[in-house]
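Structure record follows, encoded as structure tokens.
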Amino acid sequence: MTFADPADPDTAHFAHSQPLLSGRTLQLLEQADNATLADLTALRNEVSRFLMRYRFGVSEVETKLSILREEFNLTAGYNPIESISCRVKTMEGVLEKAARKGVDLDLAAIKDSLHDIAGVRVICSFVSDVYHIVDLLTSQDDITVLQVKDYIAAPKPNGYRSLHVILEVPVFLSSGPEPVRVEVQLRTIAMDFWASLEHKTYYKYDAQVPQHLLDGLTEAAETAASLDATMERLHHEVRGHRSSTDVAI
């Protein structure tokens, strides 16, 4: 996005035609002098470079996981990774969370304090797959594990289950390697279904969810955990039967 020059009727008209700019923003831009516009452009570029590193960090982790996924497809006859999704917070989201956590609205402070600007979510078939994949990922030489939160072994009070790993991965820029923090969430299909339902419920009720729905969500979380345990047992029985059949043949 380029900022409008009030002295240039073409760019001024372009700015006024943009629905992404509020009337207040347009008024401030029209009143700004060249030095202010230059400062705004420099700030925009700095923010773009800041988020760029996180996009590259996500790409690095996604590539590592995609390689594992492809290897399992080709060699193991069984793929523990159902899906991989990635996201980088918008700058608005970053600033909102920084303000909520009391972090100075300074890019260096935000970089040191917020660990989930870049995120990768891995959906696995079974609980054992979650731990297997995280072991394979974090054992790679260029990965540094900063924090692990195991909400599968110790679910949150509302029933939320997932394995969160905050890691650092090197991103190789023209200026040299730079470590970037990425939060990786790993969960089963059942856990992800529950988390999606819980998120939609809180969004619909603007976080003021009636108690009977909260109780229902907690009960559903237990049901999902029971389903995971049952499917895990059946999975091991099937694989055990297959292995014994292969030996017999």
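We did not get these values from a lab; they are worked out from the coordinates using the rules stated. Worth saying up front: this structure is predicted, and the values here are computed from it rather than measured. Don't worry about glycine lacking a Cβ; one is built from the backbone with ideal geometry, like all the others, and counts go over all protein chains shown.
If packing is taken as the average number of other Cβ atoms within 10 Å across a peptide's residues, how do 47-56, 159-168 rank, most packed first? Working shown, then result.
Values: 47-56: 15.4, 159-168: 20.3.
Going from most to least packed, we get 159-168, 47-56.
Quick one: divide the alpha-carbon radius of gyration of region 53-248 by 2.2 N^0.38 Å and tell me what you get.
Details: Rg = 19.0 Å, N = 196, 2.2 N^0.38 = 16.3 Å.
Cα Rg divided by the expected 2.2 N^0.38 Å: 1.16.
Measuring from label point to label point, each 7 Å out along Cα→Cβ, what is the residue 66 to residue 105 span in nm?
Reported label-point gap for residue 66 and residue 105 is 3.6 nm.
Roughly speaking, what is the stretch gain from residue 95 to residue 232, that is 0.36 nm per residue apart minus the C-alpha to C-alpha distance, in nm to one decimal? Walk me through the intermediate numbers first.
Numbers: separation 137, 0.36 × 137 = 49.32 nm, distance 4.10 nm.
Using 0.36 nm per residue and subtracting the Cα-Cα distance, I get 45.2 nm.
So, in Å, what gap is there between the alpha-carbon centers of region 157-182 and region 59-73?
Region 157-182 and region 59-73 have Cα centres separated by 15 Å.
What's the extension gain from residue 75 to residue 135 if we count 0.36 nm per residue and subtract their Cα-Cα distance?
Values: separation 60, 0.36 × 60 = 21.60 nm, distance 1.86 nm.
Between residue 75 and residue 135, full extension yields 19.7 nm more.
Given contacts defined as C-alpha pairs under 8 Å and at least six residues apart, what's the relative contact order of region 53-248, whole-number percent?
On the way: 261 pairs, mean separation 40.5, N = 196.
It rounds to 21 percent for region 53-248.
Using a 10 Å cut-off on Cβ atoms, rank the peptides 128-134, 116-122 from the highest mean neighbour count down. The partial results should precede the final answer.
On the way: 128-134: 19.6, 116-122: 22.3.
Highest to lowest by the protection proxy: 116-122, 128-134.
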